[in-house]
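Heads up, the thing below is written out as structure tokens.
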Amino acid sequence: MSVATSDPLALDGEALGAWLSRQSPEFSGPISLKRFEGGQSNPTYLLACGERRFVLRKKPPGPLLPSAHLIEREYRVISALCGAGFQVPRPVLICEDGSVIGTTFYLMELVSGRQFWNPALPDCAPAERGALYDAMNATLARLHGVDWRAAGLADFGKPKNYLARQIARWRRQYESARLAPSPDMDRLIAWLEANLPDETSDAPVAIVHGDFRIDNMIFDAREPKVLAVLDWELATLGHPLADLAYNCLPFRLPSRIAGRGVAGLDLASLGLPSEGAYVESYRRKAGCGPIANWPFFVAFAAFRVASILFGVRARARQGNAAASNAEEIGGLADVYAEIGWRAAQEG
């Protein structure tokens, strides 16, 4: 079997091809592999076999932070959502035998379409920008409306005390990954712990994506329609406003920083909604009431991103990062900690 690969993480294509051929006849021919650039967590590859195209997601090599890179959970949630008719790539198979390529991995079908890396959508016309944001907004509301019990995800997470548990989890991640003190992060953590909203039995519970942003979606090539939502590693059961606040962080991040924000731009002339208009649009689509404690959820979302980025920077220093720009992206940890602390002061 011949295998062509340009993978800088030295994935063992021969072992992978042999394992795949034993799983299904559709993988009996030669395969080729090429790693996608851009992701900071789980290395992702394009796998071609004959005329068919798949995406392979795997854990990174080397030592990992506790409870990070949960490929198995990712595969489970996209399988459940595919069955529920939500826009995800069709899952194909999972391999939890680390002897094949060194880590757990799974395969899903490739979804072809457009992917946007800059939330300002510089290559689109104003009317299309607004329509794309509206499609993203509608997709998030649709996700939060999925019946997670009927989808077989009743044990996918703990429905109660989501915010408290998440703060504790990501605080541990931050403390295990930080390489230097971060005063804004430390102040932010203390504020979040002191200002937790009441998480009673009446608090809403939904499937939350955990990384819901425009570059984690595949859009139709011709119209503003979301074909698939990607990267479900952080998904769980939790408070839907945490997802919405995370999705709104580009409104707080300056556009000059790594092409990841729209703060400071003339949103109206660009055809983009304001943060307030975007939140109100979601509220109408999701059918929820007035939103309370919005600054808390923004602060919480920024705190999570900062904690993740401290981990990205740590992996870059360890030499097992998933992307070549991990050091640069990890350097944004303090920027998000500052955004979170500013949001806390609004509250």
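Values quoted throughout were computed directly from the atomic coordinates according to the rules given, and no laboratory measurement underlies them. Nothing here was measured: the structure is a model prediction, and the numbers come from that model. Glycine also receives a Cβ, built like all others from the backbone with ideal geometry; neighbour counts cover every protein chain displayed.
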Task: Fully extended contour minus Cα-Cα distance, from Gln23 to Asn118, at 0.36 nm per residue - done: 30.4 nm
Open item on the list: Counting only other residues whose beta carbon sits under 11 Å from that of Phe212, what net charge do I get with K and R as +1, D and E as -1?
Closed with: -3
Open item on the list: I'd like the FRET efficiency for Glu72 and Ser269, computed as 1/(1 + (r/R0)^6) with the beta carbon distance as r and R0 of 56 Å, rounded to 0.05.
Closed with: 0.80
- [ ] Using just the helices of the chain, give the 222 nm mean residue ellipticity in deg cm²/dmol: DSSP H runs with n ≥ 4 each add -39,500 (n - 2.57), and the total is spread over all residues, rounded to 500.
- [x] -12500 deg cm²/dmol
Task: Gain in span if fully extended, Leu196 to Glu51, counting 0.36 nm per residue against the direct Cα distance - done: 47.0 nm
- [ ] Can you tell me the FRET efficiency between Phe36 and Ala277 if r is taken as the Cβ-Cβ distance and R0 is 51 Å, rounded to the nearest 0.05?
- [x] 0.95
Task: Computed E for Glu128/Ala292 - FRET, C-beta separation, R0 25 angstrom, nearest 0.05 - done: 0.15
TODO: Express the Stokes-Einstein translational diffusion coefficient of region 154-226 in µm² s⁻¹, to the nearest whole number, given a Kirkwood radius over alpha-carbon pairs, 10 °C and a viscosity of 1.306 mPa s.
DONE: 103 µm²/s
TODO: State, to one decimal in nm², a quarter of the convex hull surface area for the C-alpha atoms of the chain, i.e. the direction-averaged projected area.
DONE: 17.2 nm²
Open item on the list: What does the extension gain come out to for Asp155 and Glu14, with contour length at 0.36 nm per residue minus their alpha carbon separation?
Closed with: 47.1 nm
Task: Residue-count net charge about Leu20 - beta-carbon cut-off 13 Å; Lys, Arg +1, Asp, Glu -1 - done: -2
TODO: With the convex hull built on the Cα atoms of region 44-134, state its orientation-averaged projected area in nm².
DONE: 8.6 nm²
TODO: Describe numerically, in nm with one decimal, the distance between label points set 7 Å from Cα along Cα→Cβ at Arg165 and at Ser99.
DONE: 3.5 nm
Open item on the list: Just to be sure I understand the model, the point goes 7 Å from the Cα along the line to the Cβ. What's the resulting Asp147 to Ala221 distance in nm?
Closed with: 3.7 nm
